[in-house]
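Presented below is the structure to which this report refers.
The values are calculated or read from the model by the stated rules, or taken from the named source; none is laboratory data. Remember, predicted model here, so these are calculated numbers, not experimental data. When we count neighbours, we look across all protein chains shown, and the Cβ atoms used for this are built from the backbone with ideal geometry, even at glycine. With ligands, DNA and RNA removed, areas are computed over all heavy atoms of the protein, side chains included. Shrake-Rupley method; radii C 1.70, N 1.55, O 1.52, S 1.80 Å.
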Amino acid sequence: MMRSSLKFVSDNAAVSNSQPFSRDSSRDHSDDHLFDAYSRAVMGAAESVSPAVVNIEVSQRSGRQAGNSGGSDAPAGSGSGFIVAPDGYIITNSHVVHRASRISVTLSDGRKSSAELIGDDPGTDLAVIRITGSNLAAVALGDSQAIRVGQLAIAIGNPYGFQCTVTAGVVSALGRSLRTGTGRLVDNVIQTDAALNPGNSGGPLVNSRGEVIGVNTAIILPAQGICFAIAINTAKLVAGHLIKDGKISRAYIGIAGHNVELPRRFVRFYRLPAETAVRVAAVEADSPAALGGIKEGDLLIRLGDAPIAGIDDLQRYLTMSQVGIRTPVSLIRGTEKLTVEIVAVEAPHKPQTSFLSDRRHR
C-alpha cells in the first residue's frame with residue numbers, strides 16, 4: 001500500500017530535468033479560440049499580480065538555542081510571499097519565517113530588502129512581515145467564500161528559486177482541513193491542481209480576475225496535483241490581528257468542521273438567518289465541545305447570539321473574550337434543533353513540530 005505524506009512547499013530540493021513540449025502540427029485548430037481565451041485569462045492575472053509577489057530567504061541562528069550569542073546565521077530555506085499594502089506589509093506562511101533570525105526579501109524587479117517579522121501564527125501557518133518602502137505594488141484580495149469547484153486557479157511563486165513562476169489549474173475541492181506543524185487543524189482549506197513545488201509556500205493563489213483567493217501552503221506526496229492553499233478570508237482575519245497585536249490569541253472548543261449548505265426545509269422550518277452552517281467533522285476528547293455534548297455530524301448554526309454561516313464566522317467569534325464564558329450553541333442533529341452550552345478555554349500553545357517542515361536539513 002502506498003502511503004501519502006503532506007509536505008509544505010518551500011525551497012528544499014534540486015531542480016529536475018525538464019522535457020520540451022512537442023506540438024502536433026496535425027491537430028485540428030478549430031478550438032484554438034478556447035485556448036486563446038484561457039491563455040488571456042492566465043496572462044492577465046499573472047501580469048497584474050506578479051509585481052507584488054516576492055521571494056523570501058531566511059536564516060536561522062545556529063546552535064541549540066536561537067538566542068545563542070555564540071552562534072551564527074545560517075541559510076534555513078526560502079519561500080514566497082505577496083505584498084498586501086503599498087507600505088510594505090507582506091503575507092507569507094509561518095513555516096517559511098518561523099524562528100528566522102534574518103529575513104531577506106527580493107522584489108519582482110530584483111531589488112532586495114531586509115524584512116521585519118510583524119507577527120507569526122503557526123496555528124494557521126500564516127505570518128506577516130514588512131519591508132521598508134512606499135507605493136509598492138500590492139495585490140487585490142478576493143473572497144474565498146465566493147469561489148466554486150472547477151473555476152480557474154493560478155499559483156504564482158518562486159519554486160526552486162525561479163522568480164515569479166506561474167502555474168494554472170482549477171479549484172479541485174473546498175472545505176478541506178489541513179493539519180499544521182503545531183498539530184492544529186486549519187479548516188476551509190482550498191484544494192487545487194495548480195502545480196506547487198518547493199518555494200511556492202506563501203505565494204498567492206489567484207482567480208481569473210487577478211484577485212488572491214488563497215495562500216499556497218502544502219502538497220500531498222507522492223500524489224499528483226493535490227495541493228492546498230489557506231483561504232484568503234482566513235488570511236485576512238489572521239493578518240489583521242497580527243498587524244494590530246503581533247500575535248493571535250484564541251478561544252478553543254475542540255472541533256474540526258467544514259462549511260455545508262443547509263436543506264431548504266431546515267431553513268424554512270427553523271427560520272434560520274443563513275442557508276449554510278458548519279458540519280462538525282471531529283470532536284476532540286475531553287474538549288469543551290465534547291464536555292458540552294457536541295457530536296460529530298452536528299450542524300452548528302449559532303454561537304451565543306451570533307449566527308454561524310461558516311468556518312470564518314466561527315473563527316471570528318472564538319476570541320479571547322469567549323474564554324471561561326458559558327455560551328449557548330445552537331445546532332441541528334438529524335432533524336432536531338438543540339441548544340447545548342460550552343465553556344471555551346484558551347487555545348493551547350503547542351511547540352511547532354518538524355515532521356512536515358520544509359526547511360533545509362542542518
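Scanning the stretch 237-277 for residues that are out of contact with any helix residue (DSSP H, G or I) (no Cβ under 9 Å at 6 or more places or on another chain) and basic (K, R) yields K244, R264, R265, R268, R271.
Taking the conditions exactly as written (open to solvent by 10 Å² or more (accessible area, probe 1.4 Å), modelled with pLDDT of 85 or more and within 14 Å of N93 (Cβ to Cβ)), does D193 satisfy them or not? It is false that D193 is open to solvent by 10 Å² or more (accessible area, probe 1.4 Å), modelled with pLDDT of 85 or more and within 14 Å of N93 (Cβ to Cβ). Residues in the stretch 238-264 that are part of a helix (DSSP H, G or I) and closer than 16 Å to D312 by Cα: V238, A239, G240, H241. Taken over the stretch 213-248, the criterion of being at pLDDT 90 or above, under 17 Å from V96 (Cβ atoms) and over 11 Å from the mean Cα position of the chain (by Cα) is satisfied by A239, L242. Checked against the criteria, A274 does not count as under 22 Å from the mean Cα position of the chain (by Cα) and either within 30 Å of N197 (Cβ to Cβ) or modelled with pLDDT of 90 or more (or both).
Taken together, the residues in the stretch 311-328 that are part of a helix (DSSP H, G or I) and not basic (K, R) amount to 9.
The rows are residues; the columns are (1) of a type outside the set (A, V, I, L, M); (2) modelled with pLDDT of 95 or more.
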residue: A282; (1), (2): no, no
residue: D286; (1), (2): yes, no
residue: I294; (1), (2): no, yes
residue: I301; (1), (2): no, yes
residue: D305; (1), (2): yes, no
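Residue-wise test of (1) at pLDDT 75 or above; (2) buried (at least 24 other Cβ atoms within 10 Å of the Cβ).
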site	(1), (2)
S5	no, no
D11	no, yes
S16	no, no
Q19	no, no
M43	yes, no
R61	yes, no
D87	yes, no
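Only one entry of V340, V345 meets the criterion of being open to solvent by less than 40 Å² (accessible area, probe 1.4 Å) and more than 16 Å from V260 (Cβ to Cβ), and that entry is V340.
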